[in-house]
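Take a look at the structure below.
The values are calculated or read from the model by the stated rules, or taken from the named source; none is laboratory data. Not measured: the values here are computed from a predicted model. Here the Cβ is made from the backbone with ideal geometry for all residues, glycine too, and neighbour counts use every protein chain on show.
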Protein chains: 2
Amino acid sequence: MATGGTINLGVIGLGRGLMLALPALIAYPAIRLVAAADPRPVARERFAAEFGARAYADWAELLADPAIDAVYIAAPHQFHAEQAVAAARAGKHVLVEKPMALSLDDCRAMAGAAQQAGTVLVTGPSHSFDAPVRHAAALIASGAVGAPRLITALNYTDFLFRPRRPEELDSAQGGGVVLSQAAHQIDIARLLAGSPLRSVRAVTGDWDAARPSEGAYAALLDFANGCAATLTYSGYARFDSDALQGGTGEFGQPKDPAAHATARRRIAALSPGEEIAAKLARAYGGASPALPPAPVANEQFGLVLISCERADLRLMPDGVWTYADDGARFTPLPPPPAAQYGAIAAFAEACRGGPLPPQAGSWGIDTVKACLALSRSAHERREIRIEPEAPSA
Amino acid sequence: MATGGTINLGVIGLGRGLMLALPALIAYPAIRLVAAADPRPVARERFAAEFGARAYADWAELLADPAIDAVYIAAPHQFHAEQAVAAARAGKHVLVEKPMALSLDDCRAMAGAAQQAGTVLVTGPSHSFDAPVRHAAALIASGAVGAPRLITALNYTDFLFRPRRPEELDSAQGGGVVLSQAAHQIDIARLLAGSPLRSVRAVTGDWDAARPSEGAYAALLDFANGCAATLTYSGYARFDSDALQGGTGEFGQPKDPAAHATARRRIAALSPGEEIAAKLARAYGGASPALPPAPVANEQFGLVLISCERADLRLMPDGVWTYADDGARFTPLPPPPAAQYGAIAAFAEACRGGPLPPQAGSWGIDTVKACLALSRSAHERREIRIEPEAPSA
């Protein structure tokens, strides 16, 4: 594709991931949705009709389409590696949903294929693309608040009680909250700390016999530069930390506080078959597709506090608080045109010859490495040292 | 003293610690303040006049007074051990301010002396005596919410910018936030977890050249029963976590949000000599003694969330939220008659033959052990295993 030109984008996987990104993909001026691949005929037919696009049952056929510049891989985790490697080999830029893949070997193959092909590879959207996170990272990089020393991230959600496929609740297949949700907090912490991760000590929780999977965790991350982060997460739909975020939901939407507590009951009323049906109903082409509502604020992933040498920062959906020695000030940050717009824009600009975001290339390897270390630390009840990634040949 | 009788109490150290406890000591019906020891004549004269009490320059003379049943040791940390051992040998019950002492050997000597004498030894007041903490511990012990799995405690204060003596900012002499403030969070976590501590991984922060000491920390505590706790603390007077607690201060008082940010400027304007004078002015008998205001709510020590197997609990100054599978409910807890009343009452009832609180006997040893492990983990950048305390001979 031409530098600065329009990106002809193909989507692999018309599921929940696409639904969340779709408003941003539509809103971003330089993206044209030209193709999709999905095993469900109803989703393909709907996509072809809505966007005047080509629709394939087999993603390999989509990758063979020479008109496509880039692909957004929003298929289930277990397919990411094969699809991303094939896409790079076909010369396509790749935006791959987090987690990048389920094993480090797979992640390395993906990064290596993109490097060899000279294509863009970005892992996202993740909440490290949220405007308040990027504003704080830029403030830290400017030197205005001193080095980051201590990051606290805390999020209590209903993750475990959203409609799921069986593998999404099987930790052995990458299910549970570690790869799906710790990836967000780890990305945020890595971006803010600005330093390689040195070690992880963590615990995980598996407290619901009806949803046996890792549903909660706490972790202490030690970065090479001496910055540290504590991450706490529970997906058990009890306390709702959005109450600490001005009542704004994950996608910057106004949130009904009562909905959180009912997630468990809604799921408990469904048989396994009904739960899969409920998930498909919310996907693209489903009976009740769940587009994210128009944002009234930025996306957010719970309480995030960053103590720097000369100020504390607190990320809020509508801006960033700076608590400095001369007082507190608030920098308002307007809502994006659509949820996930920041990640989509960063990927698109990289495809168009602009700068690569930090979340490009081998970034995702280190986040998956941190997620795997988090699980291992919890299982072995000890600190896990992170070995630096060897430079690729 | 007779079981159930009045406790004739002597106070060692008429400083800031006493000021915080004084309203509760006055309010508790079965306590009579009969003596005090302090090197400052002005404080002794004032105490003698206010309470019709005896006042000693030398604490050993106070301990020789046969009319005294119990002593409250509120002298600086470095004197706790010698005073507590001597008090036990003199047959006096002891309430000793946290931290119990500065070394494990000192703590063991104190617990051993009390055990040998058959006297009560309680370490406190600490925030583990706050009514919301005790309510949550009782709820957990009742089995109603399942086993505690994950505790999150977070507190951002102006600790480092309150008037200090030099040794209070010297980590080598037990200064900084670890022994003084982590002791609170560790006590809270230990009481809620209900299990011996197995290991600590922590980082500490020393970010202000004008106040070189440990001013912040984050720690992950792993308990033997599999419960874990993340503790985060900053005393750098930037973000104020009381904003998450309904704007209520540490002592259950309504709080002026602007006061927090000015702490640093007030201290920066003082010479070292003026700072010591400012500290003494706030002590008992000083020019502007700082009694805690009458509480409108319970004491609190920042955000505390407890994820149990069947519910999340959130401690608030005015009660406890329970987020269970059938919805959220709030248990209001009325304010105490005075700040620190819970700890004073627990100590007094133990002296009068009632049950010992968990914070009695060797309790303080394990909290100091955890504090020292926290510092050591930060310095050595590795997890520190906690060796169980050998049973005393």
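The set of residues in the range B:318-345 being touching a Gly at 6+ places or on another chain (Cβ under 7 Å) and farther than 17 Å from B:Leu139 by Cα consists of B:Pro335, B:Pro336, B:Ala339, B:Ala343.
Of the residues in the range A:251-273, how many are touching a Pro at 6+ places or on another chain (Cβ under 9 Å) and not β-branched (Val, Ile, Thr)? Write out each step before concluding.
Pass one, the range A:251-273, residues touching a Pro at 6+ places or on another chain (Cβ under 9 Å): A:251-254, A:266-267, A:270, A:272.
Within this subset, residues satisfying the condition of being not β-branched (Val, Ile, Thr) are A:251-254, A:266, A:270, A:272.
Looking only at that region, the number is 7.
Take residues that are closer than 20 Å to B:Ile344 by Cα and of a type outside the set (Gly, Ala, Ser) and tell me which of the strands (runs of 3 or more DSSP E) falling wholly in the range B:41-136 contain 2 or more. Lay out the reasoning, then the answer.
Working: elements: B:54-56, B:70-73, B:93-96, B:121-123.
The qualifying strands (runs of 3 or more DSSP E) are B:70-73, B:93-96, B:121-123.
Tell me, yes or no, whether the range A:345-361 has at least one residue that is within 14 Å of chain B (Cβ to nearest Cβ), within 21 Å of A:Leu192 (Cα to Cα) and without any contact (Cβ under 8 Å) to a residue 60 or more places away in the chain. Scanning the range A:345-361 turns up no residue that is within 14 Å of chain B (Cβ to nearest Cβ), within 21 Å of A:Leu192 (Cα to Cα) and without any contact (Cβ under 8 Å) to a residue 60 or more places away in the chain. Filtered by the rule that a residue be in contact with an Asp or Glu (Cβ under 9 Å, 6 or more places away or on another chain) and outside any strand (DSSP E or B), the range A:19-38 gives A:Ala21, A:Ala30.
Considering only the range A:343-376, state which residues are hydroxyl-bearing (Ser, Thr, Tyr) and either within 18 Å of the chain's Cα centre (by Cα) or in a loop (DSSP other than H, G, I, E, B) (or both). Within the range A:343-376, A:Ser362, A:Thr367 qualify.
So, A:Ala283, is that one free of Cβ contacts under 8 Å to residues at least 60 places away in the same chain and over 17 Å from A:Gly319 (Cβ atoms) or not? Show your work before the answer.
Numbers: free of Cβ contacts under 8 Å to residues at least 60 places away in the same chain: no; over 17 Å from A:Gly319 (Cβ atoms): yes.
No.
Within the range A:1-15, the residues that satisfy the criterion of being more than 15 Å from A:Arg46 (Cβ to Cβ) and either within 16 Å of the chain's Cα centre (by Cα) or in contact (Cβ under 8 Å) with a residue 12 or more places away in the chain (or both) are A:Met1, A:Thr3, A:Gly4, A:Gly5, A:Thr6, A:Ile7, A:Asn8, A:Leu9, A:Gly10, A:Ile12. Number of residues in the range A:94-142 that are over 15 Å from the mean Cα position of the chain (by Cα), of a type in the set (Val, Ile, Thr) and in the same structural domain as A:Asp318 (by TED's automatic domain parsing) equals 1.
I'd like to check something: does the range B:335-355 contain any residue that is at pLDDT 95 or above, assigned by TED's automatic domain parsing to the domain that holds B:Leu315, touching a Ser or Thr at 6+ places or on another chain (Cβ under 9 Å) and surrounded by fewer than 20 Cβ atoms within 10 Å (Cβ to Cβ)? No; the residues of the range B:335-355 include none that is at pLDDT 95 or above, assigned by TED's automatic domain parsing to the domain that holds B:Leu315, touching a Ser or Thr at 6+ places or on another chain (Cβ under 9 Å) and surrounded by fewer than 20 Cβ atoms within 10 Å (Cβ to Cβ).
Hey, among A:Ala219, A:Ala209, which residue is out of contact with any strand residue (DSSP E or B) (no Cβ under 9 Å at 6 or more places or on another chain) and among the hydrophobic types (A, V, I, L, M, F, W, C)? Working first, answer last.
Numbers: A:Ala219 fails: out of contact with any strand residue (DSSP E or B) (no Cβ under 9 Å at 6 or more places or on another chain).
Selected residue: A:Ala209, the only one of A:Ala219, A:Ala209 that is out of contact with any strand residue (DSSP E or B) (no Cβ under 9 Å at 6 or more places or on another chain) and among the hydrophobic types (A, V, I, L, M, F, W, C).
Here B:Arg211 clears all of (1) within 14 Å of chain A (Cβ to nearest Cβ); (2) surrounded by fewer than 24 Cβ atoms within 10 Å (Cβ to Cβ); (3) at pLDDT 95 or above except the condition numbered (3).
Scanning the range B:324-333 for residues that are in contact with a helix residue (DSSP H, G or I) (Cβ under 8 Å, 6 or more places away or on another chain) and touching a residue at least 24 places away in the same chain (Cβ under 8 Å), which turns out nearest to A:Pro257 (Cα to Cα)? Can you show your working first?
Initial filter on the range B:324-333 (in contact with a helix residue (DSSP H, G or I) (Cβ under 8 Å, 6 or more places away or on another chain)): B:325, B:327-328, B:331, B:333.
Then drop every residue that is not touching a residue at least 24 places away in the same chain (Cβ under 8 Å), which leaves B:331, B:333.
Numbers: B:Thr331: 19, B:Leu333: 24 Å.
In this case the residue turns out to be B:Thr331.
Evaluation of B:Ile267 against the conditions (1) modelled with pLDDT of 95 or more; (2) aliphatic (A, V, I, L, M); (3) outside the structural domain of B:Ala24 (by TED's automatic domain parsing) shows that the sole unmet condition is (1).
In the range B:214-251, how many residues are more than 10 Å from chain A (Cβ to nearest Cβ) and of a type in the set (A, V, I, L, M, F, W, C)? Walk me through it before giving the result.
Taking the range B:214-251 and keeping what is more than 10 Å from chain A (Cβ to nearest Cβ), we get B:214, B:224-225, B:235, B:242, B:245-251.
If we keep only those that are of a type in the set (A, V, I, L, M, F, W, C) too, we end up with B:224, B:251.
Number satisfying all stated conditions: 2.
Taken over the range A:370-393, residues that are of a type in the set (Lys, Arg) and either surrounded by 22 or more Cβ atoms within 10 Å (Cβ to Cβ) or under 17 Å from A:Ala228 (Cβ atoms) (or both) amount to 1. Screening A:Thr204 with (1) crowded, with 19+ Cβ neighbours inside 10 Å; (2) within 23 Å of B:Arg329 (Cα to Cα); (3) within 14 Å of chain B (Cβ to nearest Cβ) gives one miss only, at (2). In summary, B:Ser199 fulfils each of the numbered conditions (1) over 21 Å from A:Arg310 (Cα atoms); (2) out of contact with any Phe, Trp or Tyr (no Cβ under 8 Å at 6 or more places or on another chain); (3) more than 9 Å from every other protein chain (Cβ to nearest Cβ) with the single exception of condition (3).
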